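Below is one structure, written out as structure tokens; comments come after it.
Every number here is computed from the coordinates shown, using simple stated rules; none is lab data. Just so it is clear, the model here is predicted, and its values are computed rather than measured. Every residue, glycine among them, receives a Cβ derived from its backbone with ideal geometry; neighbour counts consider all protein chains shown.
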Protein chains: 4
Amino acid sequence: MPAVRRLKVAVSGLGRMGARHANHFLHRTPKAELVAAFTPDPKELAWAKENLEPWGVKIYQDFDQLLKHEGLEAVCVATVTTVHAEQTIKAIEAGKHVLCEKPLSTKLEICQQVLETARRNPHVKVMCGFSRRFDASYLSAYAATKSGSIGRPTILRSQTCDKYDPSGFFVEYAQFSGGIFVDCNIHDIDLALWFFSAESKALPKVRSVVAFGVTALEPDLAKHGDVDNGVGVVEFYDGQIAYFYSSRMNAPGQHDMTEIIGTKGKLVVNGNPTTHLLETHNGDGIQRDIPQNYYERFEHAFVEEARQFTDAVLENKTVPVDLESSMEAVRIGVALQESVRSGKKIWFDREGNRVDENGQARARL
Amino acid sequence: MPAVRRLKVAVSGLGRMGARHANHFLHRTPKAELVAAFTPDPKELAWAKENLEPWGVKIYQDFDQLLKHEGLEAVCVATVTTVHAEQTIKAIEAGKHVLCEKPLSTKLEICQQVLETARRNPHVKVMCGFSRRFDASYLSAYAATKSGSIGRPTILRSQTCDKYDPSGFFVEYAQFSGGIFVDCNIHDIDLALWFFSAESKALPKVRSVVAFGVTALEPDLAKHGDVDNGVGVVEFYDGQIAYFYSSRMNAPGQHDMTEIIGTKGKLVVNGNPTTHLLETHNGDGIQRDIPQNYYERFEHAFVEEARQFTDAVLENKTVPVDLESSMEAVRIGVALQESVRSGKKIWFDREGNRVDENGQARARL
Amino acid sequence: MPAVRRLKVAVSGLGRMGARHANHFLHRTPKAELVAAFTPDPKELAWAKENLEPWGVKIYQDFDQLLKHEGLEAVCVATVTTVHAEQTIKAIEAGKHVLCEKPLSTKLEICQQVLETARRNPHVKVMCGFSRRFDASYLSAYAATKSGSIGRPTILRSQTCDKYDPSGFFVEYAQFSGGIFVDCNIHDIDLALWFFSAESKALPKVRSVVAFGVTALEPDLAKHGDVDNGVGVVEFYDGQIAYFYSSRMNAPGQHDMTEIIGTKGKLVVNGNPTTHLLETHNGDGIQRDIPQNYYERFEHAFVEEARQFTDAVLENKTVPVDLESSMEAVRIGVALQESVRSGKKIWFDREGNRVDENGQARARL
Amino acid sequence: MPAVRRLKVAVSGLGRMGARHANHFLHRTPKAELVAAFTPDPKELAWAKENLEPWGVKIYQDFDQLLKHEGLEAVCVATVTTVHAEQTIKAIEAGKHVLCEKPLSTKLEICQQVLETARRNPHVKVMCGFSRRFDASYLSAYAATKSGSIGRPTILRSQTCDKYDPSGFFVEYAQFSGGIFVDCNIHDIDLALWFFSAESKALPKVRSVVAFGVTALEPDLAKHGDVDNGVGVVEFYDGQIAYFYSSRMNAPGQHDMTEIIGTKGKLVVNGNPTTHLLETHNGDGIQRDIPQNYYERFEHAFVEEARQFTDAVLENKTVPVDLESSMEAVRIGVALQESVRSGKKIWFDREGNRVDENGQARARL
């Protein structure tokens, strides 16, 4: 029996991502111990009986019961987006540390409630799982940016493009996802906030946003106010601009990429996507594959996320992704999605209040 | 003495680009014969005496005299932007075919005059020199697009980034250039018009434009309403979007690049810039250089432009770049520049009239 | 307590590689349980007390005692090369499955003894750790080769180049390593045997070998009959050729790479080495880093090796690397090293006997 | 009429390469004037009447007559290899400068005769057309090597791989070509001589050579003592090694590449071959094309070769490729081809005499 102190973790939700999180905590996070899991879904339950129970993981069909599991210290919330906030709040109130899948919510008011709950429970660590921040390439880029080697980060371009899924799953999903800017570009927005605050630690302040979109392959997305290709621009006060692209129809697979452009140089993450280090030379030229989905691209980042969250709790350190920026990312994503629907450019004052293009106050978003 | 019929060409303006055009017609366009050149500038004159006169090229200090050069058939206008239109109009009226450096003008009314002069002289070939259309990589991409291999072109991303010139030349130049969207992104705009009309031949119709910019290194640009980094988006009617980036501060050199994203695939031109086919492996990792300026990147495209213009005239074919799209590129560039100044999104109806965001008519731009 | 059946493993040797193996079995191979470790070295012992004991791993300073650890099922031998064979033989005879670091030995006679011991104990799984066979890119290349997509594999080029270590460690090490062809290119030789037997499963038969070398940076290597840059060629019967390069002075870091050239196409593994997916654009051009050492490049392959070895034992399957080919790799490496020393080309008949260039028999190597 | 002094050049042979040379001197070498051409072949003659005569080029069917063309100053010999030497000698003796396609001859004795003729006529410039030395990437690599940035060049790897030509043309051609090492790798050998003499200007001295080959696709090559895939190694005195690969079956097209490995770094030319700057992203992954043949890869190098030869003559400078190294390249190629046939390693003493492996003298090659 190990004498090592390990964090007792539960995973809530055992869908596609939840099952992965369970595996990461069970097998790939030495200092964590997966002690429990929650799912109300029969198929997920069957999977858990085969893959978790034999390792000593207790399975719950009631989230409140899960929270009462003896000795439980932390919960990884990986249920559907619409329940993220509710479970996170309950877990915080039960004194459990929380790693919550992004986004906290697609609604700002609800994000706000999570934030307030977290503030009232400062001894509890709460972190939103922005996986890209744990990817080795992004971490190197961030270290280089902080070191000043590219001068002042000025322009950030970032994209999240998924392989086209002809099943149309993402059309159905659009009614819950908050739209392409909240579902896909939220990562890119988070990166902008991260890199643009690398020097000062202060979050950059949004001045205006605008977005455009088309439904090139799935006109039914329009029903949910969504698009399958989106282009958005976010202008920050103090001379920084981020611009984004997201797509549901990238032919060869998943392609995220980011450029951080500073006054002295530029960092490019994943400008040349590739699955492995293999190239094929044949009669059609030279060919390489790219990851087929987000997890294939970021598997190691998810593992690293689990490890850093675990370390932060065990060693009582600040979690690597702060909740304020996670909420700010939602605020920007929601504004971009509103812009793509209305066609209008949206303005904010330095305090984050909506104003019109002449600076006149509107209702706070 | 060659019995081959060769086109008698003159070059007007022997500055940086003019001298290159002169060389292209003199030495690298077999079917053209450089017979004359015009420059009022003493330094350029000295260069011409050394480099052109010995090859039998007559040098003029008066543009009107140049036009009267015996047997002259065509003029390549490569003077400063502000004289492009005036000389082009004079040449057309003198019955000379014209290859005019881009842009025709930074003012739409003047572009319009050129267009009308050209329409009144239909036997004269007039072409604006959008060099990128003659680059081998862009030509391959265009052929692939026309063949339908990427499905319907839906999103186009394109950038023109120059190496930072610490002499500040471009700050002075900003008062004439029309601004970064008219000076740099005009190429990218032209590419959007070209690729988005690859199927139907009809120019896509602009619905709205918006632009953002910062002065990261040269605050004095603001005096001329200009920026050193610009991001712009152009939304076309019928579901096509182009977005652009331009910069005056790209550290390693010149980097243009373009992605044409279709419903079935994507073409990337110059995603991996490189000067040659050389990589250096040393203690700092693996390194490669990129072109230091626009001409280093596009030298062969300029030569090809001279050849195709020459062929079009000699064989009485349509010139490869039509004047309408060249004027449309200016219109879009001017609108983007206006947007970066005003901060406002600009709307057009299908006929190209300015409207407000509710579709109400404004004055025609 | 997990109800899952896990393999009880011990690691012998806790030097650089041994400590990594210990970590892989302890934390990254879910179906294995690291129960014991052996090291006689005080520094390694201290490391083990801090990093292994708290996880319940029993530490031994006597290899024979280790083998008697209750319930022990398998041993990973990661001591210095000179002890590999002795410990492997002892472990086999004690009925333990063995994963032995490459090479079994730098002496053929000793390899032969291991092989014979293994044959006498067919219920024991013995595998030599040729890590490259577990790398995702090589696995993809192998699958493509087996599928016939490049036709018949005909030429294989492969290299193993290490970053220059100015401490001169590798000069000292040369007296034990067997020389650069046995120490570095052994991996490349193993790949040749693997890929050239992809179709038929039969090991290709060596016809002749020749090798060349220089001491560019470390003339003292000559004392041990070794070089810091080696080029070797192996000709197989039936029309296949493998050629190799190894170096101790690669400036940017570690660079292994392999080309498998078939009659219809070519597969290139790691032709474009890179640490991550990051490129830096600065005043010196575009730059990327490469791994600094072998482990940085192949960490995931080592983990996969531990997992596949564990699975093979638990499920009583054939181990993925057969001992015969591991011994054949040593035989070829030793012959190349002999050739680099003597300057002579070395010939074999189809049965593997040394012959002279006219096919006359010599003593069996 | 140009007052510029231009070199009056004739091209001998108007086959594939000859026609290209004619074009280069006619249209792309400003300081040269193509005044005459020779071909006895009816098809080439027809081509010349259409493409050269109209430009004032006189066509000859008799080489001796060509040499008498009034004012002729230089000849570019581009006939079949077997006539290279004879025409070169005649032209030298007629006082004409000569640019001769590689190789001078596939026979050493004949190369020697050319060399001696040239030595007897020191006022005549004679250069063998090793086109790769005029490629921009190779020129950059050479400049870097000369500057010392990679330390001492120690290992050179170089390959010339052609796209498979199913017509079997190269099988027929093998009876004249001298074999794959003389026909293809001659370029790579020349590069080794060039780079290894970058510091000292003295040609490196061959110590031994060995070669291997297979006929993977065209067994009939064996009739001419040739192979379709060859691997060769050349060991030089004083610690330098070059190793080569050539192939007639490269699936995607032509792929030459070279690594110059020094004690401090490495230069890689064309490690990532590509036709243009275009990548295609589609359902099969990411794809790019490579040049389909040698000329597509090296067109600009051939033009540069014509220009530098012209300049050397007009300005009475040393030609950029010296005859001694061109002959040495043949000597090494011939020895490699002999080795691939005999299977034996071939040794030389420092004076270039063939010796046996114990250093005993043999007949001079």
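Could you work out the helix-only [θ] at 222 nm for chain B, with each DSSP H run of four or more residues adding -39,500 (n - 2.57) and the total divided by the number of residues, to the nearest 500 deg cm²/dmol?
-11000 deg cm²/dmol
Quick one: A:S131, B:S325, D:S197, fewest Cβ neighbours within 10 Å first, how do they rank?
By the 10 Å Cβ count, ascending: D:S197, B:S325, A:S131.
Can you run phi through the Karplus equation (6.51, -1.76, 1.60; θ = phi - 60°) for segment C:216-231 and list ³J(HN,Hα) in whole Hz, with x for Gly and Pro?
7, 10, 10, x, 5, 4, 4, 3, 9, x, 10, 9, 9, 9, x, 10
In degrees from 0 to 90, rounded to the nearest 10, what is the angle of the helix B:42-51 Cα long axis to the longest principal axis of chain B?
It is inclined by approximately 60 degrees.
To the nearest Å, what is the center-to-center distance of segment C:234-300 and segment B:197-244, using C-alpha atoms only?
Centre-to-centre (Cα) distance: 41 Å.
Given N residues in segment C:7-128, what is Rg(Cα) / (2.2 N^0.38 Å)?
Working it through for segment C:7-128, the quotient is 0.98.
Taking the label point 7 Å from Cα in the Cβ direction, how far apart in nm is C:P42 from each other copy of itself, listed shortest first?
Those separations, rounded to one decimal, come out as 6.6, 8.5, 9.5 nm.
By how many degrees, between 0 and 90 and to the nearest 10, does the Cα long axis of helix C:108-120 differ from the longest principal axis of chain C?
Approximately 50 degrees, to the nearest ten.
C:D165 versus C:K264, label points 7 Å from Cα toward the beta carbon: distance in nm?
Here the modelled spin labels are 4.4 nm apart.
Quick one: putting +1 on the C-beta of Lys and Arg, -1 on the C-beta of Asp and Glu, what dipole do you get for segment A:7-128 around its Cα centre, in Debye to the nearest 20?
360
Regarding the protein assembly as shown, what's the average projected area of the Cα-atom convex hull, expressed in nm²?
The number I arrive at for the protein assembly as shown is 55.3 nm².
Students often forget the sequence filter, so: which lysines lie under 20 Å Cα-Cα from C:K8 once same-chain residues fewer than 8 apart are removed?
Here the lysines satisfying the reach criterion relative to C:K8 are C:K31, C:K49, C:K58, C:K68, C:K90, C:K96, C:K125, C:K317.
With the label 7 angstrom out along Cα to Cβ, how close does C:G71 come to the same site in each of the other copies, in nm, nearest first?
1.8, 10.0, 10.1
Return the lysines within reach of A:K344: Cα separation strictly under 16 angstrom, same-chain partners fewer than 8 residues apart disregarded; answer none if there are no such residues.
The qualifying lysines are B:K344, B:K345.
What three numbers, in Å, describe the spread of the alpha carbons of chain C along their principal axes, ordered from the longest?
Rounded to whole Å, the extents work out to 61, 60, 46 Å.
Evaluate segment C:188-331: find the radius of gyration of its Cα atoms, find its Kirkwood radius, and give the ratio Rg to Rh.
Radius of gyration over Kirkwood radius for segment C:188-331 works out to 1.01.
Roughly how many whole Å is it from the C-alpha centroid of segment D:116-149 to that of segment A:79-156?
Spelled out, the Cα-based centre of one part sits 62 Å from the other.
Got a sec? How would B:K146, D:K345 order by Cβ neighbour count within 10 Å, fewest to most?
The fewest-first ordering by Cβ neighbours comes to B:K146, D:K345.
Out of the DSSP beta bridges found with both residues in the protein assembly as shown, what percent are antiparallel (nearest 5)?
60
Round to the nearest 10 and give me the degree value, 0 to 90, for the angle of helix D:16-27's Cα axis relative to the longest principal axis of chain D.
It works out to around 50 degrees.
What is the dipole size for chain B, taken about its Cα centre, with +1 at each Lys and Arg Cβ and -1 at each Asp and Glu Cβ, in debye to the nearest 20?
In total the dipole reaches around 920 debye.
Which ³J(HN,Hα) values, rounded to whole Hz and listed in residue order, are derived for segment D:325-339 from phi using the Karplus coefficients 6.51, -1.76 and 1.60 in 6.51 cos²θ - 1.76 cosθ + 1.60 with θ = phi - 60°, glycine and proline given as x?
5, 5, 6, 4, 4, 5, 4, 5, x, 5, 5, 4, 5, 5, 5
When chain A is turned about an axis onto chain C, which of its residues keeps its C-beta closest to that axis, and how many Å is it?
Smallest Cβ distance to the axis, with its residue: A:R28, 3.
Sorted from shortest, what are the nm distances separating the label point of A:L115 from equivalent points in the other copies, each placed 7 Å from Cα along Cα to C-beta?
Listed shortest first, these distances are 4.9, 7.0, 8.2 nm.
Determine the shielding of peptide C:244-257 by partner chains: average, over its residues, the number of Cβ atoms on other chains within 10 angstrom of each Cβ.
Mean number of neighbouring Cβ atoms from other chains: 4.
Taking every DSSP beta bridge with both residues inside segment B:7-128, roughly what % is antiparallel (nearest 5)?
0
Under a crude label model (7 Å from the Cα following the beta-carbon direction), how far is B:S147 from C:R119 in nanometres?
Inter-label distance under the simple model: 5.7 nm.
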